[in-house]
Amino acid sequence: MVFFTANSLVVLFIFLSIVSLQGVVSKSPWCDLAASNSDVHATAIKHIQVSNSSLFEQVHVSLQRYENSSASGGSGCWSAWISWALADPSVSSYYNNQEDLNAAFGKAVNDIDGSVASMVPAVLVSRNRDSLISNGRENINEDDSCVALFHGEQRQYKHVRDDRDSGQFANGEKNRFYLSPRLFHAHIANLPPSTKFFYRVGKVLLNNPSYSVNGTFRDTVFHFVTPPKTGEDMKSFESKPMMKLVVIGDIGQTLFSEHTRDSILTEMDDMDDVPPTLAMIVGDLSYADGAQDRWDIFGRKMEPLFSRLPLMVLPGNHEIELDMETHETFKAYRNRFIMPGNYSINNSIPATNIDPHNWQEYSVKLRYDGGASYYSVDVGLCHLIVLNTYDTNSEMVETVDKNGLRRIISLQQKFLEDDLVKVDRKVTPFLIVFMHGPFYNSNEAHHNEVATKSMKEWVEPILYRHKVDVVFAGHVHAYERNYGVKFERASVNSTIFITVGDGGNHELLYPHWLYPTPTYSAYRSGKHYGHGELEIFNKTHIRWVWKPNGEDLTDEPATLDSAW
């Protein structure tokens with residue numbers, strides 16, 4: 001059935017009953033666990049007979065939640081989303097005019113409405129890689145060899161590029177009228193922590209026989225490792241961290257972007273090092289700037305990394321992408337990524353107050369509430385909060401505090417205040433916030449922007465009140481770490497602000513700084529592309545390390561800045 005249909009968005013959720021496991025002989029406890037959750041529609045598989053296809057691409061995995069599961073006897077398990085796209089060469093990405101685009105989109109609506117025969121997105125998941133490549137194999141029931149089948153949803157959107165959003169990749173009318181490929185998302189759950197899982201993406205027949213798979217899957221077997229359980233502590237200080245959070249900003253899709261990607265991949269393959277647990281991109285992902293096929297190129301380019309390292313994202317200014325026909329915004333971002341946000345309030349309305357000046361200063365009125373706009377998630381010893389700098393016209397709601405004071409505040413502010421009140425610092429002692437526009441920035445670029453200044457007014461007092469440890473941002477294409485700052489003044493015991501906007505995009509680095517250097521600025525550099533990593537050792541020790549790309553360094557050390 002169609003769950004939601006709008007002028008430019010189609011989403012199909014196919015709800016399936018769980019196939020009863022009665023009669024299935026399995027020695028794998030995870031197999032039974034995976035298929036016991038009625039919310040994710042998993043089926044334990046005894047027989048695999050699939051055909052291979054190269055049509056499935058742009059694969060990435062993202063985290064959803066860590067929570068206790070009654071099916072697992074009360075122990076905690078992760079849930080996640082696997083996302084991918086259908087690369088069908090018979091379907092055009094661009095059309096000559098709006099009429100042709102609307103006709104193609106209408107056909108897509110009808111196809112998804114009717115489920116195109118009875119094929120639905122699906123992911124095969126197992127702890128054992130061989131189980132996913134044993135086509136025709138019967139009675140898969142060895143320890144950890146069970147295969148679980150998770151069904152998914154499909155989305156598709158259209159976009160008419162607006163001249164205000166035309167970057168250097170705009171090509172007149174040739175890439176103005178875009179229809180996305182089918183975008184698939186499958187929710188997988190009951191994944192034990194710190195466990196390696198293998199998976200394949202594809203489509204299956206809706207009414208396939210019990211305990212068997214009959215469909216088309218990509219022949220690549222991907223894998224990822226779930227994070228540790230929430231609150232897990234090393235108890236004592238070890239020489240190596242128990243968890244690493246990769247932070248990337250403004251990555252784009254240049255040769256420098258590939259260097260950043262490959263630097264992280266090299267670290268993941270280093271058997272003597274602790275591999276990263278997840279990656280957070282603090283906005284400005286593809287730099288498509290309205291040329292929507294660049295989102296597809298970005299997805300292919302980043303697949304080697306984000307198909308195995310769980311990816312978390314947030315919207316930057318380059319994700320706004322105004323649609324000329326509808327004035328809708330964030331369409332590519334909203335359709336391509338699912339984050340652990342509140343989708344019951346997932347809404348976006350057409351932009352208003354649009355003119356060239358407002359567009360450059362980000363004072364255009366934009367609304368994107370819920371969904372992947374802002375959210376939070378516990379990972380190990382960290383509580384991570386994501387905010388949207390460009391939700392400038394968030395819905396306003398009335399709240400009443402514990403003293404009976406009534407206030408009218410934005411939904412995003414209500415989310416932040418409500419979320420921070422629930423944080424248990426005994427379980428997640430480290431409180432980390434991510435956003436795109438930096439509050440403290442001594443680079444010459446990106447000052448006095450309306451969206452960032454407006455957000456700073458209401459966010460900053462909340463950060464200090466709840467003793468947030470670190471705030472990460474991007475936007476400025478350089479690296480800067482500040483000492484603790486509180487209302488414009490250096491303060492040793494206050495929140496630390498770090499800008500990591502050096503991921504590699506085509507707008508190049510920002511090497512020019514303000515002088516004299518502000519007292520709150522501890523280290524700054526506009527000379528190198530790279531990323532940073534937050535290393536968590538135990539409940540009392542974390543370390544931040546900036547890692548410039550090796551290809552961009554000469555005689556300088558690989559690590560130029562770090563702090564405990």
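List every residue pair whose Cβ atoms lie under 7 Å apart, where the two residues are 6 or more positions apart in sequence or sit on different chains, the first residue falls within segment 341-367 and is open to solvent by less than 60 Å² (accessible area, probe 1.4 Å), and the second residue, located anywhere, is part of a strand (DSSP E or B) and acidic (Asp, Glu).
Once the first residue is open to solvent by less than 60 Å² (accessible area, probe 1.4 Å) and sits in segment 341-367, its partners that are part of a strand (DSSP E or B) and acidic (Asp, Glu) give Ile345/Asp369; Asn347/Asp369.
Out of (1) touching a Gly at 6+ places or on another chain (Cβ under 6 Å); (2) under 21 Å from Arg543 (Cα atoms), the odd one out for His477 is which?
For His477, the failing item is (2).
For residues that are aliphatic (A, V, I, L, M) and open to solvent by less than 10 Å² (accessible area, probe 1.4 Å), scanning just segment 425-445, find the one that is nearest to the chain's Cα centre (by Cα). I'd like the intermediate steps shown before the answer.
From segment 425-445, those aliphatic (A, V, I, L, M) are 427, 431-433, 435, 445; that's our starting set.
When the remaining residues are screened for being open to solvent by less than 10 Å² (accessible area, probe 1.4 Å), the result is 431-433, 435.
Details: Leu431: 19, Ile432: 16, Val433: 15, Met435: 13 Å.
The residue in question is Met435.
Of Phe439, Phe434, Phe430, which residue is without any contact (Cβ under 8 Å) to a residue 60 or more places away in the chain and either of a type in the set (S, T, N, Q) or at negative phi (or both)? Break it down into steps so the answer makes sense when it comes.
Details: Phe434 fails: without any contact (Cβ under 8 Å) to a residue 60 or more places away in the chain; Phe430 fails: without any contact (Cβ under 8 Å) to a residue 60 or more places away in the chain.
When all the criteria are applied, what remains is Phe439.
Taking the condition hydroxyl-bearing (Ser, Thr, Tyr) and buried (at least 21 other Cβ atoms within 10 Å of the Cβ), does Ser373 pass? Break it down stepwise before answering.
Details: hydroxyl-bearing (Ser, Thr, Tyr): yes; buried (at least 21 other Cβ atoms within 10 Å of the Cβ): yes.
So Ser373 fits the description; yes.
Of all the residues that make up segment 468-517, how many are over 25 Å from the mean Cα position of the chain (by Cα), open to solvent by 10 Å² or more (accessible area, probe 1.4 Å) and within 24 Å of Trp564 (Cα to Cα)? Let's see the steps before the verdict.
Kept after step one, since they are over 25 Å from the mean Cα position of the chain (by Cα), are these residues of segment 468-517: 482-494, 510-517.
Next, only the ones that are open to solvent by 10 Å² or more (accessible area, probe 1.4 Å) stay: 483, 486-494, 510-517.
Subsequent filtering for residues that are within 24 Å of Trp564 (Cα to Cα) retains 483, 486-494, 517.
Total meeting the criteria: 11.
Cβ-Cβ under 7 Å, sequence separation 6+ or interchain: first residue in segment 381-402 and free of Cβ contacts under 8 Å to residues at least 40 places away in the same chain, partner open to solvent by 10 Å² or more (accessible area, probe 1.4 Å) and of a type in the set (S, T, N, Q). Which pairs?
Close Cβ pairs satisfying both conditions: Ser394/Ser410; Met396/Ser410.
Which one of the conditions (1) in a strand (DSSP E or B); (2) modelled with pLDDT under 90; (3) not aliphatic (A, V, I, L, M) does Glu99 fail to meet, given that it meets all the rest?
It is condition (1) that Glu99 fails.
Would you please name the residue that is nearest to Thr277 (Cα to Cα), looking only at residues in segment 321-337 that are crowded, with 23+ Cβ neighbours inside 10 Å and of a type in the set (A, V, I, L, M)?
Ala332
Failed condition for Ile462, given (1) out of contact with any helix residue (DSSP H, G or I) (no Cβ under 7 Å at 6 or more places or on another chain); (2) of a type outside the set (Gly, Ala, Ser); (3) open to solvent by less than 30 Å² (accessible area, probe 1.4 Å); (4) closer than 30 Å to Phe415 by Cα, with all others met?
Status for Ile462: all satisfied but (1).
Got a number for residues in segment 320-340 being touching a helix residue (DSSP H, G or I) at 6+ places or on another chain (Cβ under 7 Å) and either without any contact (Cβ under 8 Å) to a residue 40 or more places away in the chain or basic (Lys, Arg) (or both)? Can you show your working first?
Restricting attention to segment 320-340, the residues satisfying the condition of being touching a helix residue (DSSP H, G or I) at 6+ places or on another chain (Cβ under 7 Å) are 321-323, 325, 330, 332-333, 336.
Among the residues that remain, those that are also either without any contact (Cβ under 8 Å) to a residue 40 or more places away in the chain or basic (Lys, Arg) (or both) are: 336.
Within segment 320-340, residues that are touching a helix residue (DSSP H, G or I) at 6+ places or on another chain (Cβ under 7 Å) and either without any contact (Cβ under 8 Å) to a residue 40 or more places away in the chain or basic (Lys, Arg) (or both) number 1.
Output the residue which, of all residues in segment 524-543 that are of a type outside the set (Val, Ile, Thr) and closer than 17 Å to Leu431 by Cβ, is nearest to the chain's Cα centre (by Cα).
Filtering segment 524-543 down to residues of a type outside the set (Val, Ile, Thr) leaves 524-535, 537-539, 541, 543.
If we keep only those that are closer than 17 Å to Leu431 by Cβ as well, we get 534-535, 537-539, 541, 543.
On the way: Leu534: 17, Glu535: 20, Phe537: 24, Asn538: 25, Lys539: 26, His541: 26, Arg543: 23 Å.
By that ranking, first place goes to Leu534.
Do you know which residues across segment 408-424 are outside any helix (DSSP H, G or I) and surrounded by 13 or more Cβ atoms within 10 Å (Cβ to Cβ)? Working first, answer last.
Start the filter on segment 408-424 by keeping residues that are outside any helix (DSSP H, G or I), which leaves 408-410, 423-424.
If the condition is that a residue be outside any helix (DSSP H, G or I) and surrounded by 13 or more Cβ atoms within 10 Å (Cβ to Cβ), then Ile409, Ser410, Val423 are the ones that fit.
Regarding Val247, is this residue touching a Leu at 6+ places or on another chain (Cβ under 7 Å), aliphatic (A, V, I, L, M) and at pLDDT 90 or above? Give the steps one after another, and end with the answer.
Details: touching a Leu at 6+ places or on another chain (Cβ under 7 Å): yes; aliphatic (A, V, I, L, M): yes; at pLDDT 90 or above: yes.
Against the criterion (touching a Leu at 6+ places or on another chain (Cβ under 7 Å), aliphatic (A, V, I, L, M) and at pLDDT 90 or above), Val247 qualifies.
Exactly one of these conditions fails for Val500: (1) aliphatic (A, V, I, L, M); (2) farther than 13 Å from Val247 by Cβ; (3) touching a strand residue (DSSP E or B) at 6+ places or on another chain (Cβ under 7 Å). Give me its number.
Unmet condition: (2).
The values are calculated or read from the model by the stated rules, or taken from the named source; none is laboratory data. Since the model is a prediction, treat every value here as computed from it, not as a measurement. Here the Cβ is made from the backbone with ideal geometry for all residues, glycine too, and neighbour counts use every protein chain on show. Each accessible area value is taken on the protein alone, full model and side chains, heavy atoms only, with ligands, DNA and RNA left out. Shrake-Rupley method; radii C 1.70, N 1.55, O 1.52, S 1.80 Å.
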